[in-house]
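Engineer: This is the structure, below, for whatever I ask next.
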Amino acid sequence: MQLKPNKYRTHTTIMLGEKNINEEVKVSGWVENIRDHGGIQFMDLRDHYGIVQITFQENEALLSDIHKECCVSISGKVLKRAEETVNEKISTGTIEIMAKSLEVLGKVSENLPFEITSSKETNEELRLRYRFLDLRNQAVHNAIVTRSKVISFMRSTMEEMGFTDLQTPVLSASSPEGARDFLVPSRKHHGKFYALPQAPQIFKQLYMISGFDRYFQIAPCFRDEDARADRTAGEFYQLDMELAFAEQEDVFAAGEEVLSKTLAHFKIGANSAPYPRITFAEAMLKYGTDKPDLRNPLFIIELSDLFTNSDFKPFANKTVRGIRVPGMAAKSKSFFKSMEEFALSIGMGGLGYVEVESEDEGLSSAVTRFKGPIDKFLKDEAKDEIKKRAELQAGDVLYFIADVGRTAENYAGQIRAELGNRLDLINKDSFEICWIYDFPMYEEGDDGKPAFSHNPFSMPQGGVHALENDPYSVLAYQFDVVINGVELASGAVRNHDNQTMVKAFEIAGYSEEDLQARFGALYGAFKFGAPPHAGMAYGIDRLLMLMLNEESVREVIAFPLNGNAQDLLLGAPSEAEEQALRDVHIKVREKH
């Protein structure tokens with residue numbers, strides 16, 4: 001690091017080391033701690049780069065009226081620490097500065113709302129209200145520095161891969177990304193509104209139609225949706241990319257290259273590319289979710305056909321799934337009871353299971369029998385087939401989940417995840433990455449009619465002719481990247497043909513007039529030689545959350561909104577002055 005010395009400092013902490021012993025230096029930063037060892041006092045001085053120890057011997061007067069978090073500038077000589085006082089946890093741990101002078105640059109005039117070094121243990125609302133103090137915590141500070149480094153590395157990697165860094169507008173029109181828009185009223189155009197982009201979808205497709213070959217952007221996106229652990233309220237950033245003259249495989253290759261290089265550069269242990277590819281149908285059957293956590297070794301098996309016309313009414317003609325848990329039969333009754341309580345808490349009517357025992361202690365463990373409340377309802381033929389499908393061994397437990405269609409799939413996924421956590425089957429230190437692809441083009445909407453299941457601008461597999469079939473049978477060229485059960489990226493091969501676009505939207509309930517009114521730019525552009533194109537986007541916030549092993553994305557964002565979509569530091573959202581509302585032709589209604 002190069003630093004031009006000025007009146008505040010000649011060095012930063014990262015520049016200091018044993019090479020500076022006996023040099024006169026000047027450093028500036030914040031007082032993290034003061035320790036009195038009787039006749040000699042020590043200060044830990046913190047700057048952006050780290051910590052250095054300052055020693056005050058026979059000049060304790062310099063520390064009068066100095067408190068934690070004061071901003072100070074200190075001059076002194078660099079000395080080598082005594083061997084027994086070396087601190088290997090910090091880069092300056094073998095040296096200290098013997099203070100000669102101290103200047104207060106910024107006083108602390110109020111009591112600190114929390115201890116900076118333990119701020120992550122403080123109530124989040126208080127942390128966000130004093131976020132500028134929370135960001136002084138070295139761990140919090142380093143997370144934001146890491147964010148900068150990751151974004152910088154990804155940007156340079158994309159450029160090396162031949163992508164061009166291009167920007168898209170923030171003030172634009174609404175686009176259907178599945179969440180509420182943030183609307184911005186227009187002053188010049190009475191009664192009309194801009195929308196902040198939920199994603200740069202339309203513009204990046206227009207870039208491809210404009211003749212650009214490979215676009216990328218670290219793009220801000222805005223969605224008025226509720227927060228959760230892996231999603232912020234309001235805004236987020238993504239590594240957005242689009243490729244012209246591209247097929248699905250081209251996007252897979254580009255997506256794997258930038259992600260694998262990033263994880264390797266920052267020494268994150270992950271499974272190597274090419275990543276496993278799992279169809280949506282297989283994911284829903286085997287894992288009960290389209291966001292599978294592959295660290296969990298348990299999987300789900302299909303048993304529905306064994307209970308067609310069964311005498312056991314809870315399973316008869318239902319979707320029935322099974323989960324084999326090896327060696328679990330030794331668990332206490334309280335464990336099985338707690339799993340049943342969990343099942344009830346998520347809406348299930350109960351949770352059936354059988355334990356697998358050896359028929360004779362002297363026989364092979366492969367010769368087994370069932371034990372448990374479900375056993376008496378299972379016919380011998382069904383038992384034999386279940387043993388075969390689940391590869392059951394003595395000591396195993398087989399859980400049964402039964403309900404209708406997707407409900408059974410979702411319940412099975414939740415039971416699988418809960419078992420993985422309770423049995424401590426998940427390696428928290430590993431990254432397991434996979435592609436989920438072949439998503440259905442449509443799903444049943446709230447009105448019982450077909451609705452887009454994913455990105456509405458995706459190309460149906462088979463093109464326009466595929467749309468002549470049952471809508472729910474149509475697959476799209478849509479795909480996700482999933483890491484440890486978290487959706488990290490979504491992408492698709494785009495539809496670039498008006499005839500296909502009109503038919504696809506017609507099935508979802510939009511007329512051609514609706515299409516032209518809402519997406520006129522894309523509809524019009526497709527008339528002028530649109531190339532085949534495809535792309536995807538990685539969520540930056542989620543990636544950082546996973547890389548840093550944080551429980552919430554708010555830990556990797558410098559100034560996030562809280563879980564209730566409020567900026568507690570600046571006080572947003574706030575009321576607007578009457579004149580400001582008049583300027584944009586807005587009148588606030590009474591809340592009902």
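Engineer: For segment 66-111, what D do you get in µm² per second when you plug the Kirkwood radius from alpha-carbon pairs into Stokes-Einstein at 20 °C and 1.002 mPa s?
Structural biologist: Details: Rh = 12.4 Å.
So the translational diffusion coefficient is about 172 µm²/s.
Engineer: Here's a follow-up. Quick one: which of 521-530, 130-139 comes out on top by average Cβ neighbours within 10 Å, and what's the full order, highest first? Present the calculation step by step, with values, prior to reporting the outcome.
Structural biologist: On the way: 521-530: 15.1, 130-139: 16.8.
Descending mean neighbour count gives 130-139, 521-530.
Engineer: Hey, what's the Cα Rg ratio for segment 24-73 versus the globular rule of thumb, 2.2 N^0.38 Å?
Structural biologist: Details: Rg = 10.5 Å, N = 50, 2.2 N^0.38 = 9.7 Å.
Against the empirical 2.2 N^0.38 Å value, I get 1.07 for segment 24-73.
Engineer: Taking only protein heavy atoms into account and a 1.4 Å probe, give the accessible area per residue of the chain in Å².
Structural biologist: Per-residue accessible area for the chain comes out at 51 Å².
Engineer: May I ask you to evaluate 6.51 cos²θ - 1.76 cosθ + 1.60, the Karplus curve with θ = phi - 60°, for each residue of segment 233-243 and list the ³J(HN,Hα) values in order in whole Hz, giving x for glycine and proline?
Structural biologist: 7, x, 9, 7, 10, 9, 7, 9, 9, 8, 10
Engineer: First select every other residue whose beta carbon is under 10 angstrom from the beta carbon of residue 219; then total the charges, Lys and Arg +1, Asp and Glu -1.
Structural biologist: On the way: positive: 204; negative: 240.
Spelling it out: positives minus negatives among the neighbours equals 0.
Engineer: Oh, and also: Which lysines, on any chain, are close to residue 261 with Cα under 28 Å apart, when same-chain ones fewer than 8 places away are left out?
Structural biologist: 149, 204, 291, 428
Engineer: Also, quick follow-up: Summing Lys, Arg as +1 and Asp, Glu as -1, what charge do residues with Cβ under 12 Å from the Cβ of residue 86 carry, residue 86 excluded?
Structural biologist: Net of charged neighbours comes to -2.
Engineer: Return the whole-Å distance between the Cα centroid of segment 160-232 and the Cα centroid of segment 468-496.
Structural biologist: Each part's Cα centre sits 20 Å from the other's.
Engineer: Per-residue ellipticity at 222 nm for the chain, helices alone: DSSP H runs ≥ 4 residues times -39500 (n - 2.57), over residue total, nearest 500 deg cm²/dmol?
Structural biologist: Working: 14 runs with 151 residues, N = 592.
One gets -7500 deg cm²/dmol as the mean residue ellipticity at 222 nm.
Engineer: So how much accessible area does residue 439 have, in Å² to the nearest 10, using a 1.4 Å probe?
Structural biologist: Its accessible surface works out to 10 Å², give or take rounding.
Engineer: Next question, about the same structure. Considering only protein heavy atoms and a probe of 1.4 Å, how much of the accessible area of the chain is carbon and sulfur, as a whole percent?
Structural biologist: Of the solvent-accessible surface of the chain, carbon and sulfur hold 49 percent.
Engineer: Send over the Kirkwood Rh of the chain, from the inverse of the averaged 1/r over different Cα pairs, rounded to one decimal Å.
Structural biologist: 28.7 Å is the Kirkwood radius here.
Engineer: In debye, nearest 20: dipole of the chain around its Cα centre with unit charges on the Cβ of K, R (+) and D, E (-)? Walk me through the intermediate numbers first.
Structural biologist: Working: 67 positive and 90 negative charges, 236 e Å.
Charge dipole of the chain: 1140 debye, to the nearest 20.
Engineer: Based on the alpha carbon coordinates of segment 37-139, what radius of gyration and maximum Cα-Cα distance (Dmax) apply, in Å?
Structural biologist: 15.1, 43
Engineer: Apply the Karplus curve 6.51 cos²θ - 1.76 cosθ + 1.60, θ = phi - 60°, to the phi angles in segment 244-261 and return the couplings in whole Hz, x for Gly and Pro.
Structural biologist: Residue by residue, segment 244-261 yields 7, 6, 10, 10, 4, 4, 5, 5, 4, 5, 5, x, 5, 5, 5, 6, 5, 5 Hz.
Engineer: Using only Cα atoms, what Kirkwood radius does segment 150-195 have, in angstroms? Don't skip to the answer; put the middle values down first.
Structural biologist: Values: mean 1/r = 0.0736 Å⁻¹.
After inverting the mean inverse Cα-Cα distance, the result is 13.6 Å.
Engineer: List, in the order given, every pair from 318/388; 19/80; 80/100 whose Cα-Cα distance in the structure shown is over 18 Å.
Structural biologist: As for pairs spanning more than 18 Å Cα to Cα, those are 318/388.
Engineer: A further question follows. Post the alpha-carbon centroid distance, segment 69-108 to segment 290-344, in whole angstrom.
Structural biologist: 61
Engineer: Just the projected area, averaged over all directions, of the convex hull on the alpha carbon atoms of segment 401-558: how many nm²?
Structural biologist: If I average the Cα hull's projected area over directions, I get 12.6 nm².
Engineer: Translational diffusion coefficient, Stokes-Einstein: compute it for segment 540-592 using the Kirkwood radius over C-alpha pairs as Rh, at 25 °C and 0.890 mPa s, and state it as an integer in µm² s⁻¹.
Structural biologist: Once the numbers are plugged in, D ends up at 176 µm²/s.
Engineer: Then there's this: May I ask you to evaluate 6.51 cos²θ - 1.76 cosθ + 1.60, the Karplus curve with θ = phi - 60°, for each residue of segment 516-523 and list the ³J(HN,Hα) values in order in whole Hz, giving x for glycine and proline?
Structural biologist: Once rounded to whole Hz, the list reads 5, 5, 8, 10, x, 5, 5, 4.
Engineer: Amide H to amide H, which residues 5 or more places from residue 368 or on other chains are under 5 Å from it, using H placed in the peptide plane?
Structural biologist: For residue 368, whose amide H was placed from the backbone, the distant partners under 5 Å are 359.
Engineer: Of the GluC sites (Glu not before Pro) in segment 151-255, which ones lie in a loop per DSSP and count no more than 11 other C-beta atoms within 10 Å?
Structural biologist: Those that pass, being in a loop and sparsely packed, number zero.
Engineer: Separate question: When only Cα pairs under 8 Å and 6 or more residues apart are kept, what is the percent relative contact order across the chain?
Structural biologist: 14
The values are calculated or read from the model by the stated rules, or taken from the named source; none is laboratory data. On a predicted model such as this, the values are computed, not experimentally measured, just so you know. Glycine also receives a Cβ, built like all others from the backbone with ideal geometry; neighbour counts cover every protein chain displayed. Just the protein is used for accessible areas: all its heavy atoms, side chains included, with ligands, DNA and RNA removed. Shrake-Rupley method; radii C 1.70, N 1.55, O 1.52, S 1.80 Å.
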